[in-house]
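Participant: Handing you a structure now.
The values are calculated or read from the model by the stated rules, or taken from the named source; none is laboratory data. Model, not experiment: these values are computed from the prediction. Heads up, the Cβs are rebuilt from the backbone with ideal geometry, glycines too, and the neighbour counts pull from every protein chain shown.
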Amino acid sequence: MDRLSSRTLAQLPPAVARPRYDRRVVQTGIVHLGLGAFHRGHEAVYTEAALNGGDLRWGILGVAMRSPDVRDALAPQDGLYTVAARADDSEALQVLGVLTGVRVAPEDPAGLVAAMADPRVAIVSLTVTEKGYGLDPASGDLDAGNADIRHDLDAPDAPRSALGLLTAAIAQRRSNGVAPFTVLCCDNLASNGETLARLVRQFASLRDPSLARFIENEVAFPSTMLDRIVPATTEEDRRQIANRLGLIDRAPVIAEAHNRWVVEDRFPGGRPDWAAAGVDLVRDVAPYETIKLKLLNASHSALAYLGYLAGHETIADATGDPVFRRFIEAMMDEEVLPTIRVPSSVDAIGYRHEVIARFANTAIRHRCAQIAMDGSQKLPPRLLGTIRDRLAAGAPFPRLALAVAGWMRYVTGTDESGRAIDVRDPLSERLARIVRDAGPEPVHLVVGLTAIVEIFGDDLAHDPRFIAAVTQALEHLFEAGSRRAVAATQRA
């Protein structure tokens, strides 16, 4: 079977969408840091629509931040790849040509900075995950002790962090008399544009205070809310897509059919006509971000930990279990929604129903273990903020407490059957030490883990209501197992 490429593009079946423009004349208007599946199934899809609409200024130079794997898969395909949008009973395939190239940041950081400084580049966007920003999640400020941050301050001409690359490119453009690009954060950070702006300024101030002032006055950081489930691609996915294409694609993306993007419309250097592709361009992203973080992302994490412990491989599997479905519905209805204050134009109740339907989509095999990764970074915005709201209101939060306890049980590194759990987290070594020191008593584990200020702040470890609720939930998890503990919340 031939490989997907520019040469073989004409061999695609008629039902497969493909570029309707001349890729040879597409310019690079966007550089994207973090060329994972999510970007290629989300922002790239909307930008492909702009190219198909005739505006060829907006090709994307993709940047792999660490591994060359994505570049090595895409290079023989001339940057072409397939997005498979799956629902329970359908699959739509589209081959995208939006990538003008792929770079691997560590191979040539100076060359990458020069590419970002090109005057034709108007936007630099990012999906580097929560852990990729050098963020102290407890304070919301820059972690100046982060290894990559320290490296980039010592070697500003060879940056390896997202902040170092952004700052070096902005400095080079300023030196060249070129207007700055817009920085577009596409990760699940609270107030992601504002947060990234603060981190970049703080990083720049450690390097050159005048550059920090320039960034504050001249660089736009619009906030965004991105909403699409994009699971990791498996070999079985690749095989199925090859059978449908009649061509081998080593870099396909699997995504749910649902796709939404809400963007603060603030782009001094211009942007693609994303609105024509269905993007909501608004003045204030916050209401949309709030309901996504508190409903979808919080529920995703709760199901990931508790569902994994109960033996469910995927979110669809867990949602298909009536006990877990009722748990998530009750958590959203009784504990989360009362804390959300959004304008009447935002239908939070409708979104809650939509979340359940999307989680139940059996065509999307989003593994609980994938969502469980990097929990130390995800807990504060997804679960702990809502718990603080409940505490402030004097309201109970048994399901949210069980979700936090599920994370604690998960990071012990052993599941309910005695099998090892592959705990992947920036704080994994520290978590393992706390688990070892805590011993078999759940209360000692709660005390040890809540002492991590980067996760729980200065307040929760000293709030007896929080400690009592989480300790009780964790004890129940150890005694009864996840499914019974989840079921018990329905009788509380």
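Participant: Consider ARG365 carefully, then state whether it is assigned by TED's automatic domain parsing to the domain that holds SER299, in contact with a strand residue (DSSP E or B) (Cβ under 9 Å, 6 or more places away or on another chain) and in a helix (DSSP H, G or I).
Facilitator: Answer is no for this residue.
Participant: Next up: Would you please list the contacts, defined by Cβ atoms under 7 Å and residues six or more apart or on different chains, that run from a residue in the stretch 426-437 that is within 13 Å of ILE452 (Cα to Cα) to a residue that is crowded, with 19+ Cβ neighbours inside 10 Å and of a type in the set (Asp, Glu)?
Facilitator: Listed by first residue and then by second, the contacts come to LEU431/ASP425.
Participant: Let me ask another. Please determine, by comparing only the residues of the stretch 368-399 that are among the aliphatic types (A, V, I, L, M) and outside any helix (DSSP H, G or I), which one is nearest to SER299 (Cα to Cα).
Facilitator: Among those that are among the aliphatic types (A, V, I, L, M) and outside any helix (DSSP H, G or I), it is MET373.
Participant: If LEU445 satisfies every condition in (1) under 22 Å from ALA369 (Cα atoms); (2) under 27 Å from the mean Cα position of the chain (by Cα); (3) surrounded by 15 or more Cβ atoms within 10 Å (Cβ to Cβ); (4) in contact (Cβ under 8 Å) with a residue 24 or more places away in the chain but one, which is the exception?
Facilitator: (2)
Participant: Please go through the stretch 331-354 and pick out each residue that is surrounded by fewer than 23 Cβ atoms within 10 Å (Cβ to Cβ) and assigned to a helix (DSSP H, G or I).
Facilitator: Result: ASP333, GLU334, LEU337, PRO338, THR339, ALA348, ILE349, GLY350, TYR351, ARG352, HIS353, GLU354.
Participant: Given LEU112, LEU142, LEU165, which one is over 30 Å from THR8 (Cβ atoms) and touching a helix residue (DSSP H, G or I) at 6+ places or on another chain (Cβ under 6 Å)?
Facilitator: LEU142
Yes or no, residue by residue, for (1) aliphatic (A, V, I, L, M); (2) over 23 Å from the mean Cα position of the chain (by Cα); (3) closer than 21 Å to ASP72 by Cα:
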{"site": "VAL121", "(1), (2), (3)": "yes, yes, no"}
{"site": "THR129", "(1), (2), (3)": "no, no, no"}
{"site": "ASP143", "(1), (2), (3)": "no, no, no"}
{"site": "ASP152", "(1), (2), (3)": "no, yes, no"}
{"site": "ARG160", "(1), (2), (3)": "no, no, yes"}
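Participant: For the stretch 195-235, which positions are over 30 Å from ASP280 (Cα atoms) and within 21 Å of the chain's Cα centre (by Cα)?
Facilitator: THR234
Participant: What number of residues within the stretch 23-66 satisfy the criterion of being over 18 Å from the mean Cα position of the chain (by Cα), on the phi < 0 side of the Ramachandran plot and not hydrophobic (A, V, I, L, M, F, W, C)?
Facilitator: Qualifying residue count for the region: 12.
Participant: Looking at LEU400, is it in contact with an Asp or Glu (Cβ under 7 Å, 6 or more places away or on another chain) and not charged (D, E, K, R)?
Facilitator: yes
Participant: What pairs can you find where one residue is in the stretch 241-268 and not assigned by TED's automatic domain parsing to the domain that holds VAL121, the other is buried (at least 20 other Cβ atoms within 10 Å of the Cβ), and their Cβ atoms are less than 7 Å apart, with a gap of 6+ or different chains?
Facilitator: From residues that are not assigned by TED's automatic domain parsing to the domain that holds VAL121, there are no pairs.
Participant: Here is a further query. Within the stretch 464-484, identify whether any single residue is hydrophobic (A, V, I, L, M, F, W, C) and under 24 Å from ALA147 (Cβ atoms), and answer yes or no.
Facilitator: For the stretch 464-484, residues hydrophobic (A, V, I, L, M, F, W, C) and under 24 Å from ALA147 (Cβ atoms): absent.
Conditions (1) within 21 Å of LEU12 (Cα to Cα); (2) part of a strand (DSSP E or B); (3) touching a strand residue (DSSP E or B) at 6+ places or on another chain (Cβ under 8 Å); (4) of a type in the set (Phe, Trp, Tyr), marked per residue:
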{"residue": "LEU211", "(1), (2), (3), (4)": "no, no, no, no"}
{"residue": "PHE221", "(1), (2), (3), (4)": "no, no, yes, yes"}
{"residue": "ALA242", "(1), (2), (3), (4)": "yes, no, yes, no"}
{"residue": "ALA255", "(1), (2), (3), (4)": "yes, yes, yes, no"}
{"residue": "GLY269", "(1), (2), (3), (4)": "no, no, yes, no"}
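Participant: While we're looking at this one, here's another question. Counting only residues that are in contact with a Lys or Arg (Cβ under 8 Å, 6 or more places away or on another chain) and small (Gly, Ala, Ser), which one in the stretch 63-83 is surrounded by the most Cβ atoms within 10 Å (Cβ to Cβ)?
Facilitator: Looking at the filtered set, the residue picked out is ALA64.
Participant: Take residues that are of a type in the set (Phe, Trp, Tyr) and on the phi < 0 side of the Ramachandran plot and tell me which of the helices (runs of 4 or more DSSP H) falling wholly in the stretch 278-330 contain 2 or more.
Facilitator: Hits in the stretch 278-330: 298-309, 322-330.
Participant: Taking the condition of being surrounded by fewer than 17 Cβ atoms within 10 Å (Cβ to Cβ) and among the aromatic types (Phe, Trp, Tyr), how many residues in the stretch 172-227 meet it?
Facilitator: 0
Participant: Mind checking which helices (runs of 4 or more DSSP H) fall wholly inside the stretch 452-492 and carry at least 2 residues that are of a type in the set (Lys, Arg) and surrounded by 17 or more Cβ atoms within 10 Å (Cβ to Cβ)?
Facilitator: none
Participant: From ALA158, ALA115, ALA179, which residue is in a helix (DSSP H, G or I) and more than 30 Å from LYS294 (Cα to Cα)?
Facilitator: Of the residues listed, the single one that is in a helix (DSSP H, G or I) and more than 30 Å from LYS294 (Cα to Cα) is ALA115.
Participant: When you go through (1) touching a Pro at 6+ places or on another chain (Cβ under 6 Å); (2) small (Gly, Ala, Ser); (3) within 17 Å of LEU33 (Cα to Cα) one by one for ALA190, which number turns out not to apply?
Facilitator: (3)
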